[in-house]
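Here is the structure we will look at, set down as structure tokens.
The values are calculated or read from the model by the stated rules, or taken from the named source; none is laboratory data. Just so it is clear, the structure is predicted and the values come from calculations on it, not from any experiment. FYI the Cβ positions are ideal-geometry reconstructions off the backbone, even for glycines, and counts take in every protein chain you see. Surface accessibility is based on the protein's heavy atoms, side chains included, excluding ligands, DNA and RNA. Shrake-Rupley method; radii C 1.70, N 1.55, O 1.52, S 1.80 Å.
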Amino acid sequence: MKIIIKLLSVLTLLISVAWAVTEFTYEPLIVSLGSVAAFIGVFYREKQKRKFYAREQAALFYGKIANDYDERNTQFLKESHINTVKHLKKAIDELDSASVLDLGGGTGINVAAHFFNRTNVTWNYVDASSEMKTAFEKNVEMADFKFTTKMSDLNEFLNSCEEKFDAIVVSFVLTSLPYPFDIKKAASLLKPNGSLIIADIEPEYTAKFPEYTVRVGTEYHSLLVSPVNALDLIEKGLNENLQLKFCQSIKKNDGQRYAYVVHMTQPLV
Ligand SMILES: C[S@@+](CC[C@H](N)C(=O)[O-])C[C@H]1O[C@@H](n2cnc3c(N)ncnc32)[C@H](O)[C@@H]1O
């Protein structure tokens with residue numbers, strides 16, 4: 001598509017200049033000036049700074065976009081977050097005190113913020129990006145819940161963690177990981193009846209839009225994300241004896257699947 005636009009702009013420029021040379025009047029001159037502007041526009045856009053990040057560089061990517069992250073929430077992303085929060089609340093509402101592990105917690109605005117006023121909650125935050133962690137720490141300054149923060153790769157954290165949690169939330173993180181999510185390990189960190197809540201972009205949407213691009217000032221940053229199938233996660237969870245509580249696909253207005261939320265629990269005994 002980009003090549004076609006470039007070719008068209010070159011062709012229009014050549015034709016309009018040829019017209020202006022053969023017939024030196026206002027009309028072809030104005031058309032020529034217009035096509036020169038379009039030509040410059042097309043090639044200038046191409047020259048704009050654009051940086052690509054592999055999933056191994058996700059922390060770098062999220063560091064670049066951390067300050068702009070919360071300005072980018074679409075209606076459908078919000079719908080996914082509302083669902084995640086609803087299920088997390090269900091998971092801990094009955095408990096006198098609850099410990100939540102938030103893997104790849106970002107700025108905390110989308111999920112953690114809904115628990116800021118819960119004095120009986122301990123929020124354990126993990127993120128690979130120091131900029132995201134700083135943003136989270138700023139956002140929780142006024143929060144009433146207890147919290148811990150750790151800058152760490154998700155897998156490294158899971159492999160070194162010995163604590164158990166009432167709920168683990170992994171919201172829009174898995175498509176950024178350079179390795180498969182270790183459900184076995186995550187399940188082992190859940191207390192009896194503990195909940196694992198995962199939300200992410202539907203694989204068909206990720207396959208269609210494999211670049212997660214964010215504009216920061218005049219620069220464009222693109223993370224090359226990878227599809228993660230909810231059914232695979234559920235299958236792996238069931239293999240680890242987790243029970244499926246809920247699964248929903250959030251669709252766009254045209255019916256296209258956009259994101260999913262999966263809630264699985266550890267059996268009581
Ligand atoms: C799309 S944001 C989601 C943030 C938050 N969970 C939410 O729903 O708003 C993905 C987050 O995962 C973090 N992340 C990406 N790769 C990670 C990894 N390998 N280990 C830990 N965190 C990671 C990023 O730094 C970023 O904060």
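Summary table below
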{"item": "Scan of the range 70-90 for residues that are in contact with a strand residue (DSSP E or B) (Cβ under 8 Å, 6 or more places away or on another chain) and open to solvent by less than 40 Å² (accessible area, probe 1.4 Å), ordered by number", "result": "76, 77, 80, 81, 83, 84, 87, 88"}
{"item": "Tabulated pairs, the range 256-269, first within 13 Å of residue 203 (Cβ to Cβ) and in contact (Cβ under 8 Å) with a residue 40 or more places away in the chain, second charged (D, E, K, R) and open to solvent by less than 10 Å² (accessible area, probe 1.4 Å), C-beta under 7 angstrom, 6+ apart or interchain", "result": "259/200; 260/200"}
{"item": "The range 13-61, subset of a type in the set (Phe, Trp, Tyr) and in contact with a Leu (Cβ under 8 Å, 6 or more places away or on another chain), residue modelled with the lowest pLDDT", "result": "39"}
{"item": "Test result for residue 93, out of contact with any strand residue (DSSP E or B) (no Cβ under 7 Å at 6 or more places or on another chain) and either surrounded by fewer than 20 Cβ atoms within 10 Å (Cβ to Cβ) or within 24 Å of residue 202 (Cα to Cα) (or both)", "result": "yes"}
{"item": "Enumeration of residues in the range 112-132 that are touching a Ser or Thr at 6+ places or on another chain (Cβ under 7 Å) and open to solvent by less than 10 Å² (accessible area, probe 1.4 Å)", "result": "125, 126, 132"}
{"item": "Only one of 34, 63 that is among the small types (Gly, Ala, Ser), part of a helix (DSSP H, G or I) and not assigned by TED's automatic domain parsing to the domain that holds residue 260", "result": "34"}
{"item": "Count - residues of the range 213-261 that are among the hydrophobic types (A, V, I, L, M, F, W, C), under 25 Å from residue 191 (Cα atoms) and in contact with a His (Cβ under 9 Å, 6 or more places away or on another chain)", "result": "4"}
{"item": "Helices (runs of 4 or more DSSP H) within the range 144-252 that include 1 or more residues within 13 Å of the ligand (Cβ to nearest atom) and over 15 Å from residue 125 (Cα atoms)", "result": "154-160, 203-208"}
{"item": "Qualifying residue in the range 200-212 (condition: assigned by TED's automatic domain parsing to the domain that holds residue 155 and in contact with an Asp or Glu (Cβ under 8 Å, 6 or more places away or on another chain))", "result": "no"}
{"item": "Total residues in the range 100-124, condition in contact with a helix residue (DSSP H, G or I) (Cβ under 9 Å, 6 or more places away or on another chain) and more than 16 Å from the ligand (Cβ to nearest atom)", "result": "3"}
{"item": "Top-ranked residue of the range 135-162 - restricted to ones that are within 18 Å of the chain's Cα centre (by Cα) and more than 15 Å from residue 189 (Cβ to Cβ), ranked as surrounded by the most Cβ atoms within 10 Å (Cβ to Cβ)", "result": "136"}
{"item": "From the options 263, 221, residue that is open to solvent by less than 30 Å² (accessible area, probe 1.4 Å) and more than 27 Å from residue 54 (Cα to Cα)", "result": "263"}
{"item": "Condition check for residue 133: more than 11 Å from the ligand (Cβ to nearest atom), assigned to a helix (DSSP H, G or I) and closer than 21 Å to residue 62 by Cα", "result": "no"}
{"item": "Tally, over the range 71-89, of residues that are near the ligand (Cβ under 9 Å from one of its atoms) and either over 16 Å from residue 249 (Cβ atoms) or aromatic (Phe, Trp, Tyr) (or both)", "result": "1"}
